[in-house]
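First the structure, in the form of structure tokens, and then the observations on it.
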Amino acid sequence: MRNFEFFEPTTVEEASSLLAQYNGKARLLAGGTDLIIGMKARTEMPEYVISLENIPGLDGITYDEGSGLRVGAMTKMRALETDAIIRDRYTALAEGAAEVGSIQIRHLATLGGNIGHASPAADAAAALLVLDAQVQIGSADGQRTVPIDALFTGPGTTVLEPGEIITAFEFPPRPANSGSQYLKQKIREVMDLAFVGVASAVTLNDGAVENTRIGLAAVAPTPIRATEAEGIINRYHPVTKEILEQAAEAASAQSRPISDLRCSAEYRRQIVGVLTRRTVQTAINRAQS
Amino acid sequence: MNKHPVSLTVNGDQYDLLIEPRKTLLATLRDTIGLTGSKEGCSTGDCGACTVIIDGKAITSCLMLAVSANGKEITTIEGLSSNGHLHPLQQGFIEKGGYQCGFCTPGFIMASKAYLDEIPNPTEAELRHALGGNICRCTGYTKIIEAVMSAAEAMRNA
Ligand SMILES: Cc1cc2nc3c(=O)[nH]c(=O)nc-3n(C[C@H](O)[C@H](O)[C@H](O)COP(=O)(O)OP(=O)(O)OC[C@H]3O[C@@H](n4cnc5c(N)ncnc54)[C@H](O)[C@@H]3O)c2cc1C
Ligand code: FES
Ligand code: FES
């Protein structure tokens, strides 16, 4: 690893000023599980590394029935995976977090880093899409909020401007009659990147399925919503096997996967359909129970 | 150069060091402090041979900068035995033949310790899942799982 200057600011404003001042030569350090790998491989050679560790208020989970869930950017995957409220009400997020690496990795890896790294295969991204996350972004100039579906611009890129830092993710309250699931297609049970990841979330209203969200990971340049499939589930009542099949086909059609060493685009497209069907069905079952 | 003061408590002993930011915690433990029990297998977070426990949590020390560990309490494999008595996990690995070359063993033991401190009575399937971040190229894992399951029992009965 090349040497670098190391900063440990204690406020978002200070971190933002450093990031802006050394624009292009500085990187934020959260858990380091993407950044340090990159620095060892020399695909990342920052001259300045700015640790977010010592900024109070960036780590933590708070929940309020009225305003919903707030997850600080520095919250570890292991904390998300084991949090009772997240497991119960924001289940897809707990399941997405639990898919990241190993326990050792999840004690380091943060939600802000997973999203800030902006990999199309990020395991938490599909859950954030279906749970309507609002991304809180801070800088020396103030705060702004970007909905998660407007955050990613391409593999590894986001709408973040120089000097901007993700501070938290906010999620609207989820009623008891809602449910969600994240499923990941992989070869090894643990420590494998997603071939395909799919999250679904629904809310029931008098038995009818509403507010369906379907999020796809690793099958397009960014994590995306399968909006056509969502519309099909919302439109028909009851959601029969045939409707699920139609939605699965629509999600497959909306995905834009590539072929690589791990598997072919055709395979990925087929798995999008399978996982869409399964996650929508499970989300409905969970909403009912 | 731009060395930073770093204070680490390792197995109860405090070390006040001056460290280049690019040094990982693993390199610091091994090269600066001289505790070579933690191993470097992959250096990319995949094999778990470098697992140490920080503030009760198992982490891969090859992915943490030493400067980021400033002020933290670290336990390595060297810190597990007490007064010449092996930890039940160490005893379990010996009795069940949980190692061959032994390179992965410190990582498996540290990952198992942190996990059992949290979940003292796992099923075998849960344990296998929890140890998914540790790789062994020798044993085929069966003996490792036997060793940890028997140690878990000994720890519950202690
Ligand atoms: C062995 C191994 C296995 C892995 N397995 C998986 C897996 O199964 N699934 C998966 O999704 N990922 C996986 N990863 C990747 C990685 O662990 C995750 O993406 C993790 O969530 C990154 O978080 P971090 O805190 O470690 O980020 P860091 O490495 O600290 O940062 C990542 C990037 O995000 C930026 N960043 C960090 N925080 C912020 C912020 N608050 N605001 C703006 N930008 C920020 C950084 O500057 C950097 O560019 C794996 C990594 C390893 C080493
Ligand atoms: S050396 Fe750290 S995980 Fe392999
Ligand atoms: S005993 Fe040799 S790697 Fe596990």
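The values are calculated or read from the model by the stated rules, or taken from the named source; none is laboratory data. These numbers were taken from a predicted model, which means no experiment stands behind them. Note that we place each Cβ from the backbone using ideal geometry, even for glycine, and neighbour counts take in every protein chain shown. Calculation scope for accessible area: heavy atoms of the full protein, side chains included, ligands and nucleic acids excluded. Shrake-Rupley method; radii C 1.70, N 1.55, O 1.52, S 1.80 Å.
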Original post:
of a type in the set (D, E, K, R) and in contact (Cβ under 8 Å) with a residue 40 or more places away in the chain - does that describe any residue in region A:34-44?
Top reply: yes
Original post:
Restricted to region A:86-145, and to residues that are farther than 22 Å from A:G57 by Cα and without any contact (Cβ under 8 Å) to a residue 24 or more places away in the chain, which residue is least open to solvent (accessible area, probe 1.4 Å)?
Top reply: A:Q104
**OP:** Could you tell me whether region B:89-112 includes any residue that is within 30 Å of B:H4 (Cα to Cα), open to solvent by 10 Å² or more (accessible area, probe 1.4 Å) and more than 16 Å from ligand 3 (Cβ to nearest atom)?
**Re:** no
Original post:
Being within 16 Å of ligand 2 (Cβ to nearest atom), crowded, with 17+ Cβ neighbours inside 10 Å and outside the structural domain of A:Q136 (by TED's automatic domain parsing), is that true of even one residue in region A:10-32?
Top reply: yes
**OP:** Working only within region B:117-144, note down all residues that are away from ligand 1 (no atom under 16 Å from the Cβ), in a helix (DSSP H, G or I) and open to solvent by 10 Å² or more (accessible area, probe 1.4 Å).
**Re:** B:D117, B:E118, B:E124, B:A125, B:E126, B:R128, B:T142, B:K143
Subject >> Filter result for B:K143 (of a type in the set (K, R), in contact with a helix residue (DSSP H, G or I) (Cβ under 7 Å, 6 or more places away or on another chain) and more than 22 Å from A:I105 (Cα to Cα)) >> reply: yes
Subject >> Extreme residue, nearest to ligand 1 (Cβ to nearest atom), among residues of region A:113-126 that are under 15 Å from A:A168 (Cα atoms) and within 9 Å of the chain's Cα centre (by Cα) >> reply: A:N114
Original post:
Any idea which residue in region B:29-53 is farthest from A:I105 (Cα to Cα), counting only those that are in contact (Cβ under 8 Å) with a residue 40 or more places away in the chain and more than 13 Å from every other protein chain (Cβ to nearest Cβ)?
Top reply: B:L35
Original post:
In this structure, is A:E249 in a helix (DSSP H, G or I) and either in the same structural domain as A:A124 (by TED's automatic domain parsing) or more than 27 Å from A:S119 (Cβ to Cβ) (or both)?
Top reply: no
Original post:
Among the residues of region B:15-37, is any β-branched (V, I, T) and open to solvent by 40 Å² or more (accessible area, probe 1.4 Å)?
Top reply: yes
Subject >> Count - residues of region A:10-46 that are away from chain B (no Cβ under 11 Å) and either under 23 Å from B:I59 (Cβ atoms) or out of contact with any helix residue (DSSP H, G or I) (no Cβ under 8 Å at 6 or more places or on another chain) (or both) >> reply: 21
**OP:** Scan region B:105-128 for residues that are within 14 Å of chain A (Cβ to nearest Cβ) and within 17 Å of B:G79 (Cα to Cα) and jot them down.
**Re:** B:P106, B:G107, B:F108, B:I109, B:M110, B:A111, B:S112, B:K113, B:A114, B:Y115, B:L116, B:D117
**OP:** Would you mind telling me which numbered condition in (1) more than 9 Å from chain A (Cβ to nearest Cβ); (2) within 15 Å of ligand 2 (Cβ to nearest atom); (3) touching an Asp or Glu at 6+ places or on another chain (Cβ under 8 Å) B:G56 fails?
**Re:** (2)
